[in-house]
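A short write-up of the structure that comes next.
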Amino acid sequence: MQPAIEPARAEERSPASAHPVDAAAGGAAFQRAVWESLVASTDALERLRVLHAWDASTRALRMAREGRLASAAQHFRESERAGESASLSPMSQALCASVRESALAYLEFRRGDHASAELRLRRAMEHDIELERRHGMSVFYMHRVQLLHNFVRLHVHEGDFARAWSLGVRTLGHLQGALPAPIELAARRDVPLRTASTALVAAMACQVACELAKLLLTWRPDGRAVELLASALAPEGSEAPSELCSAWMRAVVACLRGDGDHVSEECEALLQPGLGRMAVLRESLEVLRLRGSDG
Amino acid sequence: MGFKLSRYHVVTDRFRDMRDGLDKRLLFSTRTAQYRVVGEREWRAIEQGRFDGLPQFVVEDLVRSEFLAPAEENELATILGRNRAAAEDSRSLYQVVQPTAACQMGCGYCSQIHRARALSPEHQDQFLQRVEARLRVGRFERLKIGWFGAEPLLGLAVMRRMSPKLRELAELHDCEYEAKIVTNGLLLDADVSTELVESHCVRSIEVTIDGPAEFHDRSRPLKGGQATQRRVFDNFVALAARDDLDVRLSLRCNVGRANADGVDELLRSIAEAGVQARIHFYAAPIHAWGNDADQQGLTPDEFAAREVGWMALAAELGFPVAVLPERAEILCLATMPQGELVDANGGLFQCTEVSYLAAYGPDHEYARGRLESPAALDGTERAHAWSREVESGATPCAQCPMLPVCGGGCPKLWREGHEPCPSAKRNIRLRLLLAHALERKRATTRTEPATRA
């Protein structure tokens, strides 16, 4: 047997590691689902073109994160050229466009152009709806949820904390199974969350919760905002995708209602150090407790 | 439309892998500076564009590593676009200071005119103001100062006055600060080394030694003709032996016909001193520096052939060796929009190879005025001129597969009618084989204990 290309053996390259949509959506489960849909409906050459466009978007996003904005723009142009090729099917074009627009939104955000960032997010959402409804890629529902999370961040940076809180809490409540889909999601009633894996929904819930926790470090919600969070708690006895988020939400509601000691004691075990990137959940509770004792 | 083999690739001749008896080649993408080992049959398929005959994961890897590019892509535009963007994005403000015009040495290939003149306090202050204006305008995260010569350590008094002010400026603008120095090493004793690292934040020291004494002392004597090698060598080795100074050490050997046979011995003598693991060694061909010094050099082919031998020996002796070139998005001072050099006379330049040279007057295209009447701070247009030149086909670079890793070489030398192509253009295939052999050796060393266990 002839040797293959040595540094890239087949067994080292699962679809999840090979196709990084993490830039736009996050989660190996999401990536795998997208790639499987692509494998089922496109030929090898088309997949290569999509891969090429995604790679360029991923590089661009990485550069934008590093603050290399001109380089990011250059790689987005490369992604655009690859993804808009007339030889791609409408589905592949929409796939490339969704990944690119959501990543470009970040570039605009880094440039400080929030209006353009919002426009990009809306465009990405339109592409996601097309992928979901015309091409049966239900996994893009979760991508839209991710975009809502990005809207939350955008509202925070615009200083519109109440709006960020409202959208974040309604999104979190939806992910936890307590609230209907936020209207901003333009969701159909007949496409429920159950099409996504529990792990993916839980990961997304944690991401949104972290965004809300960050907000709590500097902003105090009013009574209505607190009640909105209370309404987003999964009903007692039901199993929410993320028990960690539920515990955090209960503790926050309790703290904000002024009976923090009782519930936060209950949650302490869940919020011990070791949460890694989610340490902000614990920090937010500590801040709320301190504020409570100050008050 | 499909994919094509990128024009920016290099492939070795076929070789027989003695481990498995198969014929293979090494394929190098200069777009990403990555290489792959490819079976002969796979290479034939790649070369002929028959990608459907390859496993899908292999093709995906080739696409992602940019060995393959979309058939319709204008690759030159992509490479130059990335280079321009990288220059715009740079968060490092790099400024070069020549604190003095003096040098003790009278190197045969140097045409700088040395004299006992230091950068005056007035010029220092004007330059500091210029640096501050740049820090204020640009969004920089780092201020990097290069201390160059003539011999910068003869201008230590200037460094002592300027360093604290430069650090202060960096701090004021929330920037990290670091410096490098290129010195002949004569004054690089223990106290000066300590001072450079601890007081002047020097993080990189480069010294040139042109071989053992019998070679070095012929090309790099004092102006009075006295020998210098022993002192430079001892200073450098003593510095390399210190573990209390966090500084990168580079050893450059300028190689011409007269000293090419001495490079091996230089490497061995460093290794005998036991400090080779600390020293980044490289050989550089003697080139025209406002003179005809290139006439003393090896031919480019000779240099390239011998260089791989020096690399192999250096690696064998335990020096850290960079065998394969890396992607060169930002070429030199001339392609940095804010990059600038000030010489001891207060002259400003966008090139390190122009000051103190009689051949280049104050109107040279890389001159940027004087501190009393400087050019505008922003040199973006000038910095991008080189990529426009490459794009226009003024040099053969647009057609060269090495462009992404060499950036086109020295723009000034091209304009003077020289061909500044790096040695890698001529020996990249041998370098690939060497890199692969070294990688295999490392892998074997890594796995051996486990195998024994």
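Of A:72, A:82, all but one fail to be touching a Leu at 6+ places or on another chain (Cβ under 6 Å) and assigned to a helix (DSSP H, G or I); the exception is A:72.
Against the list (1) open to solvent by 60 Å² or more (accessible area, probe 1.4 Å); (2) touching a residue at least 24 places away in the same chain (Cβ under 8 Å), the condition residue B:339 fails is (1). Quick check: anything in the stretch B:102-113 outside any loop (DSSP other than H, G, I, E, B), open to solvent by 40 Å² or more (accessible area, probe 1.4 Å) and more than 14 Å from chain A (Cβ to nearest Cβ)? No, because not a single residue in the stretch B:102-113 is outside any loop (DSSP other than H, G, I, E, B), open to solvent by 40 Å² or more (accessible area, probe 1.4 Å) and more than 14 Å from chain A (Cβ to nearest Cβ). For residue B:69, the requirement of being in contact with a Ser or Thr (Cβ under 8 Å, 6 or more places away or on another chain), facing chain A (nearest Cβ under 9 Å) and not in a helix (DSSP H, G or I) is met.
Does residue A:198 satisfy the condition of being loosely packed, with under 14 Cβ neighbours inside 10 Å and at pLDDT 80 or above? Lay out the reasoning, then the answer.
On the way: loosely packed, with under 14 Cβ neighbours inside 10 Å: no; at pLDDT 80 or above: yes.
It is false that residue A:198 is loosely packed, with under 14 Cβ neighbours inside 10 Å and at pLDDT 80 or above.
Just to be sure, is residue B:84 more than 7 Å from every other protein chain (Cβ to nearest Cβ), surrounded by fewer than 20 Cβ atoms within 10 Å (Cβ to Cβ) and out of contact with any Phe, Trp or Tyr (no Cβ under 6 Å at 6 or more places or on another chain)? It is false that residue B:84 is more than 7 Å from every other protein chain (Cβ to nearest Cβ), surrounded by fewer than 20 Cβ atoms within 10 Å (Cβ to Cβ) and out of contact with any Phe, Trp or Tyr (no Cβ under 6 Å at 6 or more places or on another chain).
Candidates in the stretch A:79-100 are the residues that are of a type in the set (A, V, I, L, M) and more than 11 Å from chain B (Cβ to nearest Cβ); of these, the one that is nearest to the chain's Cα centre (by Cα) is A:99. Listed by position, the strands (runs of 3 or more DSSP E) enclosed by the stretch B:176-269 that each have at least 2 residues that are at pLDDT 95 or above, closer than 23 Å to residue B:318 by Cβ and within 22 Å of the chain's Cα centre (by Cα) are B:202-208, B:248-255. Residue B:72 falls short of the stated requirement of being surrounded by 20 or more Cβ atoms within 10 Å (Cβ to Cβ) and among the acidic types (Asp, Glu). Flag: residue A:6 does not match the condition of being open to solvent by 10 Å² or more (accessible area, probe 1.4 Å), at pLDDT below 50, more than 23 Å from the chain's Cα centre (by Cα) and more than 9 Å from chain B (Cβ to nearest Cβ).
Does at least one position in the stretch B:129-140 carry a residue that is of a type in the set (Val, Ile, Thr) and either more than 30 Å from residue B:32 (Cα to Cα) or within 14 Å of chain A (Cβ to nearest Cβ) (or both)? Yes, the stretch B:129-140 contains a residue that is of a type in the set (Val, Ile, Thr) and either more than 30 Å from residue B:32 (Cα to Cα) or within 14 Å of chain A (Cβ to nearest Cβ) (or both).
Is it fair to say residue A:88 is within 12 Å of residue A:53 (Cβ to Cβ), of a type outside the set (S, T, N, Q), open to solvent by less than 40 Å² (accessible area, probe 1.4 Å) and not in a helix (DSSP H, G or I)? For residue A:88, the condition - within 12 Å of residue A:53 (Cβ to Cβ), of a type outside the set (S, T, N, Q), open to solvent by less than 40 Å² (accessible area, probe 1.4 Å) and not in a helix (DSSP H, G or I) - is met. Where helices (runs of 4 or more DSSP H) sit wholly within the stretch B:345-435, those with at least 1 residues that are open to solvent by 40 Å² or more (accessible area, probe 1.4 Å) and farther than 21 Å from residue B:299 by Cβ occupy B:380-392, B:411-415. Here residue B:187 qualifies as within 30 Å of residue B:261 (Cα to Cα) and of a type in the set (A, V, I, L, M). Going through (1) surrounded by fewer than 17 Cβ atoms within 10 Å (Cβ to Cβ); (2) of a type in the set (Gly, Ala, Ser); (3) in contact (Cβ under 8 Å) with a residue 40 or more places away in the chain one by one, residue B:150 falls short only on (1). Residues in the stretch B:171-217 that are touching a Gly at 6+ places or on another chain (Cβ under 6 Å) and of a type in the set (S, T, N, Q): none. Every condition in (1) away from every other protein chain (no Cβ under 14 Å); (2) surrounded by fewer than 22 Cβ atoms within 10 Å (Cβ to Cβ) holds for residue A:103 except the one numbered (2). Taken over the stretch B:199-219, the criterion of being open to solvent by 20 Å² or more (accessible area, probe 1.4 Å) and touching a residue at least 24 places away in the same chain (Cβ under 8 Å) is satisfied by B:199, B:203, B:204, B:206, B:214, B:215, B:218, B:219.
So is residue B:130 surrounded by fewer than 23 Cβ atoms within 10 Å (Cβ to Cβ) and touching a Pro at 6+ places or on another chain (Cβ under 7 Å) or not? So residue B:130 fits the description; yes. Scanning the stretch B:1-50 for residues that are more than 10 Å from chain A (Cβ to nearest Cβ), polar (S, T, N, Q), closer than 19 Å to residue B:435 by Cβ and out of contact with any Leu (no Cβ under 8 Å at 6 or more places or on another chain) gives B:29, B:32.
Being closer than 17 Å to residue A:139 by Cβ, modelled with pLDDT of 90 or more, surrounded by 17 or more Cβ atoms within 10 Å (Cβ to Cβ) and within 13 Å of chain B (Cβ to nearest Cβ) is a condition met by no residue of the stretch A:62-78.
Among the residues examined, residue B:442 does not qualify as of a type outside the set (Asp, Glu), modelled with pLDDT of 90 or more and part of a helix (DSSP H, G or I). Restricting attention to the stretch B:51-62, the residues that are within 25 Å of residue B:399 (Cβ to Cβ) and at pLDDT below 95 add up to 1.
Scanning the stretch B:273-291 turns up at least one residue that is in contact with a His (Cβ under 6 Å, 6 or more places away or on another chain) and crowded, with 20+ Cβ neighbours inside 10 Å. Any idea which residue in the stretch B:34-64 is least open to solvent (accessible area, probe 1.4 Å), counting only those that are outside any helix (DSSP H, G or I) and free of Cβ contacts under 8 Å to residues at least 12 places away in the same chain? Only one residue tops the list, namely B:55.
The values are calculated or read from the model by the stated rules, or taken from the named source; none is laboratory data. Everything numeric here is computed off the predicted structure, so don't read it as measured data. With ideal geometry, Cβ positions are generated from the backbone for all residues, glycine too; neighbour counts draw on all protein chains shown. All accessible areas refer to the heavy atoms of the entire protein, side chains included, with ligands and DNA or RNA removed. Shrake-Rupley method; radii C 1.70, N 1.55, O 1.52, S 1.80 Å.
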